[in-house]
1. Out of Leu68, Leu72, which single residue is out of contact with any Lys or Arg (no Cβ under 6 Å at 6 or more places or on another chain) and either part of a helix (DSSP H, G or I) or surrounded by fewer than 13 Cβ atoms within 10 Å (Cβ to Cβ) (or both)?
2. If you check Lys43 against the conditions, is it in a helix (DSSP H, G or I) and charged (D, E, K, R)?
3. Looking for whichever is part of a strand (DSSP E or B), under 14 Å from the mean Cα position of the chain (by Cα) and among the aliphatic types (A, V, I, L, M) here; the options are Leu77, Leu102. Which one fits?
4. Mind checking which pairs have a first residue in region 59-83 that is touching a residue at least 24 places away in the same chain (Cβ under 8 Å) and on the phi > 0 side of the Ramachandran plot and a second that is surrounded by 12 or more Cβ atoms within 10 Å (Cβ to Cβ) and not polar (S, T, N, Q), Cβ under 9 Å, 6 or more apart or different chains?
5. Pairs needed: first member in region 12-32, surrounded by 11 or more Cβ atoms within 10 Å (Cβ to Cβ); second member anywhere, among the hydroxyl-bearing types (Ser, Thr, Tyr); C-beta distance under 8 Å; at least 6 residues apart or different chains.
Amino acid sequence: MSKFNHGNRLRPEKEAYEVKKARSRRVYAEKNLLLDPFWLNEKVIRKYYALNGPKKYVDPLLLENEGLNFDLTKSTLKVNGITYQMMHKYGYSLQPNQKLLLWKI
């Protein structure tokens, strides 16, 4: 692979591609956040739901460090006496032990 494939590129081809992918991800995230303010919360909850599953407790600091805004919820859902703060398909409930219980519709 040549270092430059045309005279205007300042980076090697593979590095330029990786930089472009990162920039595209950032622009996509910014647009989604403007169109849907619940998007970031949904993304964070979905990630930890996939890692931990439905009936395991999660430390709220982990989600907060990922950017979860606890003040931003779309609706509430009560299931088996537990009230969940919902975004779209995913939500959370703060339990008495100060841990979160995640939920998926």
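1. Going through Leu68, Leu72 in turn, the sole match is Leu72.
2. Details: in a helix (DSSP H, G or I): yes; charged (D, E, K, R): yes.
Yes, satisfied.
3. Exactly one of Leu77, Leu102 is part of a strand (DSSP E or B), under 14 Å from the mean Cα position of the chain (by Cα) and among the aliphatic types (A, V, I, L, M), namely Leu102.
4. The qualifying pairs are Gly67/Leu40; Gly67/Lys43; Gly67/Val44.
5. Glu13/Ser2
Taken together, the values in this text are just the output of simple stated rules run on the coordinates, not laboratory data. Just so it is clear, the model here is predicted, and its values are computed rather than measured. With ideal geometry, Cβ positions are generated from the backbone for all residues, glycine too; neighbour counts draw on all protein chains shown.
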